[in-house]
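The values are calculated or read from the model by the stated rules, or taken from the named source; none is laboratory data. On a predicted model such as this, the values are computed, not experimentally measured, just so you know. All Cβ positions, glycine included, derive from the backbone under ideal geometry; neighbour counts span all protein chains shown. Protein only, heavy atoms only, side chains kept; ligands, DNA and RNA dropped before computing areas. Shrake-Rupley method; radii C 1.70, N 1.55, O 1.52, S 1.80 Å.
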Amino acid sequence: MIGMLRGKVWEVQADKLILDVQGVGYQLSAPHGLLAKAHSGHELIVYTHVILREDELALYGFSSAAEKELFLLMLSVSGIGPKAALSILSTLGTGQTESAIASENITLLTKVPGIGKKTAQRLILELKEKFKGRGLSSDGTEGSAILPQAASLSEAMETLLALGFSQEEAKKALQALPDSVREASTEEQVRIALRSLAASK
């Protein structure tokens with residue numbers, strides 16, 4: 001099956017994009033984070049997953065292998081289909097989704113369109129152990145948590161990977177960020193990391 005595509009963005013729609021790969025246009029459903037990074041004419045690397053049903057053949061695209069893996073994990077939960085899993089990733093992103101599940105944050109999960117309390121509880125019940133230690137403990141104290149800073153860095157990593165940098169290049173650039181920038185927005189982290197990467201060329 002198709003695991004990855006690299007091509008030029010042909011068109012960006014509300015919840016899909018069309019990727020031109022050597023003259024063939026692949027239509028992919030994708031989280032909003034990836035759609036926001038996709039600009040017509042720009043090259044993009046997309047991690048993909050194919051869902052084949054009796055009446056449907058759908059291709060889903062993700063900005064990183066970690067985002068794709070989380071999507072597949074959510075599909076393994078009873079009652080979570082592709083639409084719901086995509087909605088969660090679009091609303092919360094990878095880091096915040098993992099943190100919400102690990103910390104049993106039902107309130108945050110139910111802010112996602114289409115996700116009710118029972119669905120959020122199932123996500124937590126079936127996936128919490130996989131993300132153990134990544135979020136706040138149930139009593140609100142900090143364990144080895146994915147705090148907002150770490151979640152932001154995770155999103156910055158995904159952005160750099162989507163822009164075509166290798167994991168090693170992106171990791172080095174983010175590790176080199178000044179402490180003052182580590183609490184900045186994802187956009188600011190990416191901007192400074194790109195400056196560092198350009199200087200190292």
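Express the Stokes-Einstein translational diffusion coefficient of region 1-85 in µm² s⁻¹, to the nearest whole number, given a Kirkwood radius over alpha-carbon pairs, 37 °C and a viscosity of 0.692 mPa s.
251
For the chain, give the magnitude of the charge dipole about the Cα centre (Cβ charges: +1 Lys/Arg, -1 Asp/Glu; no others), in debye to the nearest 20.
Values: 21 positive and 23 negative charges, 7 e Å.
Once rounded to the nearest 20, the dipole reads 40 debye.
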On the accessible surface of region 1-84, probed at 1.4 Å with all protein chains in place, carbon and sulfur together account for a percent value of 52
Relative contact order (percent) for the chain, with alpha-carbon contacts under 8 angstrom and 6 or more residues of separation?
-> 15
Evaluate the distance, in nm, between pseudo-label points positioned 7 Å from the Cα of Ala65 and of Ala36 along their respective Cα→Cβ axes.
-> 2.5
Hits among lysines - C-alpha to C-alpha of Lys117 under 29 Å, sequence gap 8 or more where chains match | Lys16, Lys68, Lys83, Lys128, Lys130, Lys132
Over the chain, what per residue volume does the convex hull of the Cα atoms give, in whole Å³?
-> 132
So which GluC sites (Glu not before Pro) in region 163-201 end up in coil per DSSP with only 11 or fewer other C-beta atoms within 10 Å?
-> none
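Only helical DSSP H runs with n ≥ 4 go in: add -39500 (n - 2.57) per run for the chain, normalise by residue count and round the 222 nm mean residue ellipticity to 500 deg cm²/dmol.
-14000 deg cm²/dmol
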List the pair-distance distribution P(r) of region 20-131, using every Cα-Cα distance, as the percent of pairs falling in each 5 Å bin from 0 up to the bin containing the longest distance, rounded to whole percents.
-> 2, 11, 23, 23, 17, 12, 6, 4, 1, 0
Using alpha carbon centers only, region 51-67 is separated from region 72-130 by a whole-angstrom value of 18
Taking K and R as +1 and D and E as -1, what net charge do the other residues with C-beta under 11 Å from the C-beta of Gln121 add up to?
-> +2
Quick calc, Trp10 & Glu56: beta-carbon distance into FRET formula, R0 35 Å, rounding 0.05, result 0.95
Express the accessible area of region 25-104 per residue in Å², computed with a 1.4 Å probe while the remaining protein chains stay in the model.
-> 42
Within the under-10-Å Cβ sphere about Ser64, not counting Ser64, Lys/Arg +1 and Asp/Glu -1 give a net charge of -3
